[in-house]
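Q: Once you've had a glance at the structure underneath, I'll fire off some questions.
The values are calculated or read from the model by the stated rules, or taken from the named source; none is laboratory data. All figures in this text were calculated on a predicted structure; none of them were measured in a lab. So basically every Cβ, Gly included, is an ideal-geometry build from the backbone, and we count neighbours across all protein chains shown.
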2 protein chains.
Amino acid sequence: MSVMEMSHRGKEFLSIIQKAESDLRTLLNISDEYAVLFLQGGATTQFAAIPLNICSPDDAVDYIVTGSWGDKAFKEAAKYSKPNVIWSGKSEKYTKIPNFDSLVQNPDAKYLHICANETIHGVEFKDYPTPLNEKTILVADMSSNFCSKPVDVSKFGIIYAGAQKNVGPSGVTIVIIRKDLIGNAQESTPVMLDYKIHAENNSLYNTPPCYGIYMCGLVFEDLLDQGGLVEVEKKNQKKAQILYDAIDSSNGFYRCPVDKSVRSLMNVPFTLAKPELEAEFVKTAAGEKMVQLKGHRSVGGMRASIYNAMPLAGVEKLVAFMKEFQAKHG
Amino acid sequence: MSVMEMSHRGKEFLSIIQKAESDLRTLLNISDEYAVLFLQGGATTQFAAIPLNICSPDDAVDYIVTGSWGDKAFKEAAKYSKPNVIWSGKSEKYTKIPNFDSLVQNPDAKYLHICANETIHGVEFKDYPTPLNEKTILVADMSSNFCSKPVDVSKFGIIYAGAQKNVGPSGVTIVIIRKDLIGNAQESTPVMLDYKIHAENNSLYNTPPCYGIYMCGLVFEDLLDQGGLVEVEKKNQKKAQILYDAIDSSNGFYRCPVDKSVRSLMNVPFTLAKPELEAEFVKTAAGEKMVQLKGHRSVGGMRASIYNAMPLAGVEKLVAFMKEFQAKHG
């Protein structure tokens with residue numbers, strides 16, 4: 001019987017989801033103080049679920065907005081709380097992370113929200129801000145750098161991530177939440193957005209995306225086999241380094257707009273000094289089987305997404321291609 | 001590249017989701033007046049989305065409750081509307097469908113909700129009630145009999161279905177909605193529950209469950225190859241008939257509690273006159289590779305789910321086993 005045919009209440013699937021959770025707990029060293037939930041609907045569903053579960057409608061919450069995803073999260077939160085953007089990188093085209101000491105946090109905020117890695121802009125938090133008060137929790141959307149490096153989960157109240165970048169197929173969303181935060185959802189919370197329902201039912205309140213969870217479990221096993229997230233991070237650092245080095249040593253032929261100290265290990269955006277060559281770059285690369293290098297429609301340019309599954313050889317091939325392309329067109 | 005690796009915005013995946021939609025439109029003869037959405041979160045998410053999109057909080061809505069799923073839908077609707085149960089089969093242990101002429105509908109109801117097939121209780125609507133007013137739409141949860149037979153979509157305002165019974169893996173939810181009903185969601189509707197967002201973005205507002213949608217598309221192709229839903233229904237009728245015949249001709253050794261006229265073609269619940277034999281029945285059947293025959297934990301007994309994918313030979317094998325089991329224990 002395929003995993004696709006199994007009952008989600010049968011012992012076969014139970015052992016799959018329990019093993020997946022257990023391996024993820026090992027990978028990220030998640031303590032028993034936290035629940036691990038396998039949900040649906042992507043990070044976008046969590047943009048609503050978080051304020052609905054953590055706030056009353058009049059509660060203040062703080063958002064640091066370092067890109068498009070953080071901005072979307074902030075806008076959705078306004079339906080269920082009183083969110084405030086305490087820092088935005090928009091005027092600098094989302095190329096920076098703020099200095100944490102300069103942040104003016106609301107002492108009454110229920111949480112401080114960040115997007116740990118902005119997929120479109122390639123801006124990644126290398127360290128995390130500390131909320132002003134103990135009562136304020138740190139919440140992070142880690143969709144695009146989840147399991148790409150070790151993270152000290154105990155610093156966060158909630159970590160959430162769509163699976164589809166690093167740990168599985170689209171259609172699975174993982175939420176790691178401190179258990180004492182569960183159980184205070186607003187009355188109008190849809191049952192499927194209520195963390196209490198999912199925690200009490202071990203993510204089996206209704207039929208979960210079984211096959212996707214199974215695939216995530218296989219990836220967690222593989223990441224453990226690789227030596228865990230310390231080793232995974234080393235590989236990701238090496239991949240990113242050779243790519244950023246190629247950009248920075250191109251005498252301006254290629255440019256990455258992001259502050260060097262906060263460049264993403266996952267998403268590397270770059271432009272050409274001659275923008276008229278960009279279409280040619282994307283097309284020629286595709287001819288050599290390097291696809292999806294076009295930047296997000298909202299920012300243009302190019303973007304190389306070098307998630308966990310991209311091997312070093314793939315990045316090396318891209319770098320060699322970039323040098324050839326520059327030699328020809330530089 | 002596997003479908004799991006594709007960008008949901010690439011032309012390869014676009015052609016997959018467009019073909020899936022087109023084939024579903026052919027199968028169910030869905031007119032251009034309706035939008036077809038591929039969503040996440042199961043029917044349970046729709047229990048909230050429907051009143052949120054169709055009602056103001058003070059609007060009345062009518063529910064016919066013929067089993068557990070209809071009851072859950074009703075309870076969720078109370079968060080976003082004023083739902084009223086106009087008929088419930090609970091006192092008769094959900095074994096009946098009401099006589100439509102006897103229903104007292106609310107003339108101001110925004111919609112009339114039914115669960116077309118109750119998975120746990122095996123009760124299926126063979127025809128559909130007509131709302132009292134033109135302004136009241138008929139809404140149906142078809143999760144467990146979707147694409148098992150032809151349906152006149154034009155009778156409904158909304159049809160919704162989790163894919164996992166008949167058309168694909170878990171993690172995909174299909175919503176068919178008359179386009180004029182879209183665009184009036186309550187302000188507090190999570191963006192992921194707003195039909196307008198999904199319709200405007202052709203189900204690609206955020207990353208959809210790509211692989212699941214691909215699988216649904218393959219199933220739709222197969223159902224068309226089988227000759228469409230008229231032929232599929234004939235097969236389902238034959239499968240159900242030999243199983244119900246075996247139960248009814250067992251001189252009471254097996255019993256199906258459901259009214260004969262509304263017995264489900266998909267889920268066949270039955271009990272043994274000697275309940276102490278039920279565990280033995282399930283165990284022995286499993287020994288012959290017929291699994292998942294135990295009834296839902298809320299009702300007990302046995303349940304044979306004979307969805308589209310169950311071949312006639314599978315039902316014949318079960319029937320032969322039932323006769324043997326009766327000969328031994330009767």
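Q: Determine which single condition B:ALA78 fails, assuming it passes every other condition in (1) within 14 Å of another protein chain (Cβ to nearest Cβ); (2) crowded, with 22+ Cβ neighbours inside 10 Å; (3) under 25 Å from B:SER91 (Cβ atoms); (4) not β-branched (Val, Ile, Thr).
A: Among (1) within 14 Å of another protein chain (Cβ to nearest Cβ); (2) crowded, with 22+ Cβ neighbours inside 10 Å; (3) under 25 Å from B:SER91 (Cβ atoms); (4) not β-branched (Val, Ile, Thr), B:ALA78 violates only (2).
Each row is one residue, and each column tells you yes or no for (1) surrounded by 18 or more Cβ atoms within 10 Å (Cβ to Cβ); (2) in a helix (DSSP H, G or I); (3) without any contact (Cβ under 8 Å) to a residue 24 or more places away in the chain.
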site: B:PHE270; (1), (2), (3): yes, no, no
site: B:GLU276; (1), (2), (3): no, yes, yes
site: B:ALA279; (1), (2), (3): no, yes, yes
site: B:ALA285; (1), (2), (3): yes, yes, no
site: B:MET290; (1), (2), (3): no, no, no
site: B:HIS296; (1), (2), (3): no, no, no
site: B:GLY300; (1), (2), (3): no, no, no
site: B:ALA304; (1), (2), (3): yes, no, no
site: B:ALA309; (1), (2), (3): no, no, no
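Q: Then there's this: Got a sec? Which strands (runs of 3 or more DSSP E) wholly within the range A:111-209 have at least 3 residues that are assigned by the TED database to the domain that holds A:ASP71 and within 20 Å of A:LEU24 (Cα to Cα)? Spell out how you get there, then give the answer.
A: Numbers: elements: A:111-115, A:137-141, A:158-162, A:173-178.
In the range A:111-209, the matching strands (runs of 3 or more DSSP E) lie at A:137-141, A:158-162, A:173-178.
Q: Applying the selection to the range A:1-31, what residues are surrounded by 13 or more Cβ atoms within 10 Å (Cβ to Cβ), closer than 25 Å to B:ILE306 by Cα and among the hydroxyl-bearing types (Ser, Thr, Tyr)?
A: Of everything in the range A:1-31, just one residue is surrounded by 13 or more Cβ atoms within 10 Å (Cβ to Cβ), closer than 25 Å to B:ILE306 by Cα and among the hydroxyl-bearing types (Ser, Thr, Tyr), namely A:SER7.
Q: Only one of (1) hydroxyl-bearing (Ser, Thr, Tyr); (2) within 14 Å of chain A (Cβ to nearest Cβ); (3) crowded, with 23+ Cβ neighbours inside 10 Å is not met by B:SER56, so which one is it?
A: Among (1) hydroxyl-bearing (Ser, Thr, Tyr); (2) within 14 Å of chain A (Cβ to nearest Cβ); (3) crowded, with 23+ Cβ neighbours inside 10 Å, the lone unmet condition for B:SER56 is (3).
Q: Please specify each residue of the range A:215-233 satisfying the condition of being charged (D, E, K, R) and within 18 Å of the chain's Cα centre (by Cα). First the steps, then the outcome.
A: Within the range A:215-233, the first condition is being charged (D, E, K, R), and the residues that meet it are A:221-222, A:225, A:231, A:233.
Residue satisfying the conditions is A:GLU233 alone.
Q: Check B:SER68 against each of (1) under 30 Å from B:GLY217 (Cβ atoms); (2) within 14 Å of chain A (Cβ to nearest Cβ) and name the one condition it does not meet.
A: All conditions are met except number (1).
Q: Also, I was wondering about something else. Of the numbered conditions (1) within 10 Å of chain B (Cβ to nearest Cβ); (2) closer than 30 Å to B:ASN53 by Cα; (3) among the small types (Gly, Ala, Ser), A:ALA185 fails exactly one; give the number of that condition.
A: Just one mismatch for A:ALA185, condition (1).
Q: Let me ask something else. What helices (runs of 4 or more DSSP H) completely inside the range B:1-107 contain at least 2 residues that are among the polar types (S, T, N, Q)? Talk me through it step by step, then tell me what you get.
A: Numbers: elements: B:11-28, B:42-54, B:68-77.
So the answer is B:11-28, B:42-54.
Q: Here's something else I'd like to know. Cβ-Cβ under 9 Å, sequence separation 6+ or interchain: first residue in the range A:214-228 and on the phi > 0 side of the Ramachandran plot, partner not hydrophobic (A, V, I, L, M, F, W, C). Which pairs?
A: Qualifying pairs under 9 Å: A:GLY227/A:LYS234; A:GLY228/A:THR26; A:GLY228/A:PRO150.
Q: Listed residues B:LYS155, B:LYS135, B:LYS239, B:LYS165; which is away from chain A (no Cβ under 14 Å), surrounded by 16 or more Cβ atoms within 10 Å (Cβ to Cβ) and charged (D, E, K, R)? First the steps, then the outcome.
A: Numbers: B:LYS155 fails: surrounded by 16 or more Cβ atoms within 10 Å (Cβ to Cβ); B:LYS135 fails: surrounded by 16 or more Cβ atoms within 10 Å (Cβ to Cβ); B:LYS165 fails: away from chain A (no Cβ under 14 Å).
One residue alone meets the criteria, B:LYS239.
Q: Sticking with this one: Pull up the range B:7-48, narrow it to residues that are of a type in the set (A, V, I, L, M) and facing chain A (nearest Cβ under 9 Å), then point me to the one that is nearest to A:GLN292 (Cα to Cα).
A: Narrowing the range B:7-48 to residues of a type in the set (A, V, I, L, M): B:14, B:16-17, B:20, B:24, B:27-28, B:30, B:35-37, B:39, B:43, B:48.
Checking the rest, the ones that are also facing chain A (nearest Cβ under 9 Å) come to B:39, B:43, B:48.
Working: B:LEU39: 24, B:ALA43: 34, B:ALA48: 36 Å.
The qualifying residue nearest to A:GLN292 (Cα to Cα) is B:LEU39.
Q: Read through the list (1) surrounded by fewer than 20 Cβ atoms within 10 Å (Cβ to Cβ); (2) over 29 Å from A:LEU27 (Cβ atoms); (3) of a type in the set (Gly, Ala, Ser); (4) modelled with pLDDT of 95 or more, then give the number of the only condition that A:GLY228 fails.
A: (2)
Q: Right, another one. Quick check, is A:GLY212 within 14 Å of chain B (Cβ to nearest Cβ), of a type outside the set (Asp, Glu), under 20 Å from the mean Cα position of the chain (by Cα) and in a helix (DSSP H, G or I)?
A: Working: within 14 Å of chain B (Cβ to nearest Cβ): yes; of a type outside the set (Asp, Glu): yes; under 20 Å from the mean Cα position of the chain (by Cα): yes; in a helix (DSSP H, G or I): yes.
So A:GLY212 fits the description; yes.
Q: Here is a list: B:MET290, B:MET310. Which entry is closer than 22 Å to B:ALA163 by Cα and hydrophobic (A, V, I, L, M, F, W, C)? Break it down stepwise before answering.
A: Numbers: B:MET290 fails: closer than 22 Å to B:ALA163 by Cα.
None of the other options fit; the residue is B:MET310.
Q: How many residues, within the range B:206-225, are among the hydroxyl-bearing types (Ser, Thr, Tyr) and farther than 19 Å from A:TYR214 by Cβ? Working first, answer last.
A: Looking only at the range B:206-225, we keep the residues that are among the hydroxyl-bearing types (Ser, Thr, Tyr), and these are B:207, B:211, B:214.
Within this subset, residues satisfying the condition of being farther than 19 Å from A:TYR214 by Cβ are none.
Residues meeting the conditions: 0.
Q: Further, regarding this structure: Could you tell me how many of the residues in the range A:236-268 are in a helix (DSSP H, G or I) and of a type in the set (Lys, Arg)? Write out each step before concluding.
A: So in the range A:236-268, the residues in a helix (DSSP H, G or I) come out as A:236-248, A:260-262.
Filter again for of a type in the set (Lys, Arg), leaving A:238-239, A:260.
Summing the residues that are in a helix (DSSP H, G or I) and of a type in the set (Lys, Arg) in the range A:236-268 gives 3.
Q: For the range A:311-330, which residues satisfy the criterion of being surrounded by fewer than 13 Cβ atoms within 10 Å (Cβ to Cβ) and not acidic (Asp, Glu)?
A: A:PRO311, A:ALA313, A:ALA320, A:ALA327, A:LYS328
Q: Please go through the range B:197-209 and give me each residue that is facing chain A (nearest Cβ under 7 Å) and without any contact (Cβ under 8 Å) to a residue 24 or more places away in the chain, ordered by number. Spell out how you get there, then give the answer.
A: Of the range B:197-209, the ones facing chain A (nearest Cβ under 7 Å) are B:206-209.
If the condition is that a residue be facing chain A (nearest Cβ under 7 Å) and without any contact (Cβ under 8 Å) to a residue 24 or more places away in the chain, then B:ASN206 is the only one that fits.
Q: If B:MET4 satisfies all but one of (1) in contact with a Gly (Cβ under 6 Å, 6 or more places away or on another chain); (2) at the interface with chain A (Cβ under 8 Å from one of its Cβ atoms), what's the number of the condition it fails?
A: (1)
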